[in-house]
Amino acid sequence: MRKTSGAVLLRLVLGACAALPALPAAAGTLPVTVGGQALPSLAPMLKNVTPAVVNIASKTRVRERNPFFDDPVFRQFFGLPPEQERTEQSLGSGVIIDARKGYVLTNNHVIAGADRIRVTLQDGRSFDARVLGADPGSDLAVLQIPAQSLHALPVADSSKLQVGDFVVAVGDPFGLGQTVTSGIVSALGRSGVGDGYQEFIQTDASINPGNSGGALVNLAGQLVGINTMIISPSGGNVGIGFAIPSDLALDVMRQLIDYGSVRRGTLGVQVQRLDPPLRRALKLPAGTAGVVVTRVAAGSTAARAGVRVGDVLQAVNGQAVDSDLALGTLEGLLPVGRRVRMQVLRAGRTLGLAAVLQGPGIADSEGGALDPRLAGASFSDIPPGQREQGRYGVAVTRVLPGSAAARAGLRVGDVVIAVNRAGVIGLHGLDALLRRHLHPLVLTILRGNRGYYLEVR
């Protein structure tokens, strides 16, 4: 091994130091420039973003039967009421989309069942909010606040996002106050991670409880998603968060504002997963992917497009279909009137068929059309993901203030599971039961994790 003298080593070190850029005078600080370029900062962009992100606080009065009321001794000596009331509070975030009209977009689960919703702006102003509409299927809700001088967030085309794009999440985690985190888009089109219709943006930007309903923005300060949920074994952020794409969120928002509910399209087919035994029974080649069409509704858009029972539906608009849940999700993410392309396998030949999504009949219904006593409420079928988990009933997606439904006690987010103790599978079932002109009319509802009886007069 060759040795180097101390003098030679000193000259080498000094020469290397001379080639380095000048260091800042204060030790421990970042250099002002790197390679002659100023260090990038998100601060200028965030000055335009953060005023459009709000805190949402909701309060829900919950009535519970007093567990000691049925004991005559306790009832006699302590005068116990039959029910006790407590207040549940929830915190979340929201995004101002229309400054002139005061529209705020948030998650449905942030405001579901709330008696009072309070929106607080970054400048400290606070307003009671009105629910214009809510959609449990996409977990979105639209609020309106009576405020002036609001700042709205511009919206980007989320379909142009790519894995690896930088994004920033803004919200109010744990009620600490407005907080900003950054990361990248980890994946696109994620599904199967919760209930409802899903086509999530996955990001490693920190999303925590209270961030729900907040903004996911690109580096231009444009909204690309609504932060919604996380996957975490501990309850805190582990780098896997999900946001609803802005394109889907805007479409849902427009429908909630215009109709009070979401009018989802349908092809009018029933399908079955193509597993190996069924593949062999149908004499299909090994590895054939898709779902088998088991029923085509007469007069449906699929029937008009030429779809037949026994066809293997493999893709819709270029997206693979491998289960009835996948097909239901694809349908649920597309509005009525949207033209779709289907790839179908029939007798060994691949066919391309085109159709226009039709309305689903009463898959979204106004309460007044079902029964005058429910006027002012809108109902929607339970999303397919929840049906697969054994949940049933119909969701209350809108309740107009002062309406018959509001006076009866219905709230947005309630799920009607029975009418006069007869189970409700979906809107068709609800419609059939209400045609009996029941008196009295008693609804069994789920509100959060609790069940209630509600007499509608």
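Only a single criterion out of (1) buried (at least 19 other Cβ atoms within 10 Å of the Cβ); (2) not in a loop (DSSP other than H, G, I, E, B) is not satisfied by Gly413, namely (2). Residues in segment 98-130 that are part of a loop (DSSP other than H, G, I, E, B), more than 22 Å from the chain's Cα centre (by Cα) and not basic (Lys, Arg): Ala99, Leu121, Gln122, Asp123, Gly124. On the stretch given as segment 398-445, residues that are under 20 Å from Asp139 (Cβ atoms) and at pLDDT below 80 total 3. Could you say whether any residue in segment 226-236 is more than 26 Å from Gly413 (Cα to Cα) and not assigned by TED's automatic domain parsing to the domain that holds Leu345? Yes, the conditions are met somewhere in segment 226-236.
Checking segment 314-330 against the condition returns a match, with at least one residue being within 14 Å of Leu274 (Cβ to Cβ) and of a type in the set (Asp, Glu).
Report whether or not Asp275 is under 29 Å from the mean Cα position of the chain (by Cα) and at pLDDT below 85. Taking the combined requirement at face value, the residue does not satisfy it.
The values are calculated or read from the model by the stated rules, or taken from the named source; none is laboratory data. Just so we're clear, the structure is a prediction, and the values are computed from it rather than from any experiment. For neighbour counting, all protein chains shown are included, and Cβ atoms are generated from backbone atoms with ideal geometry for every residue, glycine included.
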